Amino acid sequence: MRLYLVTSNEHKYQEAKKILEDLDILFLKAPIGKFEIQADSLRTVAWSAALHAYKILREAVVVDDSGLFIEALKGFPGVYSNYVFRTLGIEGILKLMRNVEDRRACFKTALAAIVPPLDVVLEGEVCGTITSEPLGKGGFGFDPIFVPEGERRTFAQMSVDEKNKYSHRARAFRLFARWLKENFKL
Ligand code: IMP
């Protein structure tokens, strides 16, 4: 089976690939970009992107839509994480969090897949804390300022395998791997 991840983010592809590597599938990065609607739920964004990609490719597709939800900011940037990362960036978030004692935050992923004749939407989540400065050079996005529960290092200070032990994306993709195994006997 050929399965396309719809993303222009190489990091996401590498993280997901490690989780799916035991399955007998050809996991590829789609030759088209992710179509992103603005909506107030990750599930809606992921599902509409999967549907859009499937209509073009007519092959099995999977899309991940993720966001960082900061407790003290009432869930901001959440579904707007992509836009906020490109505009305010890490420094902007750290500025909003200056002198804020409650550093709790969660990363969430909604994964939508269309694998004919079936489809599915799954979720993954990891909670932790926001650091007071960026740490580490690995990963992408908000990785340098997020420390998952049970760790002292940020995602940016970890290898892909270490990040995958905790991450929202890895959790969603592990559920997806199980779903694929159960439904397609892979
Ligand atoms: P996307 O819409 O799923 O690409 O994610 C929105 C934004 O959330 C990205 O631009 C990143 O800034 C951030 N993000 C999503 N997943 C991660 C992650 O695993 N680590 C760090 N930042 C992430």
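Here are the numbers:
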| quantity | calculated |
| --- | --- |
| Qualifying residue in region 84-103 (condition: out of contact with any Ser or Thr (no Cβ under 9 Å at 6 or more places or on another chain), open to solvent by less than 40 Å² (accessible area, probe 1.4 Å) and in contact (Cβ under 8 Å) with a residue 60 or more places away in the chain) | no |
| Contacts under 8 angstrom Cβ, first residue in region 46-68 being farther than 16 Å from Pro117 by Cα, partner surrounded by fewer than 22 Cβ atoms within 10 Å (Cβ to Cβ) and of a type in the set (Asp, Glu), 6 or more apart | Ala49/Glu36; Asp65/Glu36 |
| Residue check for Val79: in a strand (DSSP E or B), within 11 Å of the ligand (Cβ to nearest atom) and hydrophobic (A, V, I, L, M, F, W, C) | no |
| Filter result for Val63 (modelled with pLDDT of 95 or more, among the β-branched types (Val, Ile, Thr) and within 24 Å of Asp161 (Cβ to Cβ)) | yes |
| Verdict on Thr109 being within 15 Å of the ligand (Cβ to nearest atom) and open to solvent by 30 Å² or more (accessible area, probe 1.4 Å) | no |
| Number of the exception - Lys165 against (1) within 14 Å of the ligand (Cβ to nearest atom); (2) closer than 26 Å to Leu26 by Cβ; (3) surrounded by 16 or more Cβ atoms within 10 Å (Cβ to Cβ) | (3) |
| Failed item, numbered, when Ser159 is tested on (1) within 16 Å of the ligand (Cβ to nearest atom); (2) touching a residue at least 60 places away in the same chain (Cβ under 8 Å); (3) more than 21 Å from Val45 (Cβ to Cβ) | (2) |
| Enumeration of residues in region 112-137 that are open to solvent by 30 Å² or more (accessible area, probe 1.4 Å), farther than 30 Å from Ala60 by Cα and not hydroxyl-bearing (Ser, Thr, Tyr) | Cys127, Glu133, Pro134, Leu135, Gly136, Lys137 |
| Residue check for Glu149: at pLDDT 95 or above, surrounded by fewer than 15 Cβ atoms within 10 Å (Cβ to Cβ), touching a strand residue (DSSP E or B) at 6+ places or on another chain (Cβ under 8 Å) and of a type outside the set (Phe, Trp, Tyr) | yes |
| Entirely in region 1-73, the strands (runs of 3 or more DSSP E) that have 3 or more residues that are under 23 Å from Glu125 (Cα atoms) and within 12 Å of the ligand (Cβ to nearest atom) | 60-70 |
| Matching residues, region 24-44, being under 22 Å from Leu186 (Cα atoms) and surrounded by 16 or more Cβ atoms within 10 Å (Cβ to Cβ) | Ile25, Phe27, Lys29, Ala30 |
| Segments classed as strands (runs of 3 or more DSSP E), wholly inside region 98-159, with at least 1 members that are aromatic (Phe, Trp, Tyr) | 104-115, 146-148 |
| Verdict on Lys108 being among the charged types (D, E, K, R) and in contact with a His (Cβ under 9 Å, 6 or more places away or on another chain) | yes |
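The values are calculated or read from the model by the stated rules, or taken from the named source; none is laboratory data. Not measured: the values here are computed from a predicted model. For neighbour counting, all protein chains shown are included, and Cβ atoms are generated from backbone atoms with ideal geometry for every residue, glycine included. These accessible areas exclude ligands, DNA and RNA; they are computed on the full protein's heavy atoms, side chains included. Shrake-Rupley method; radii C 1.70, N 1.55, O 1.52, S 1.80 Å.
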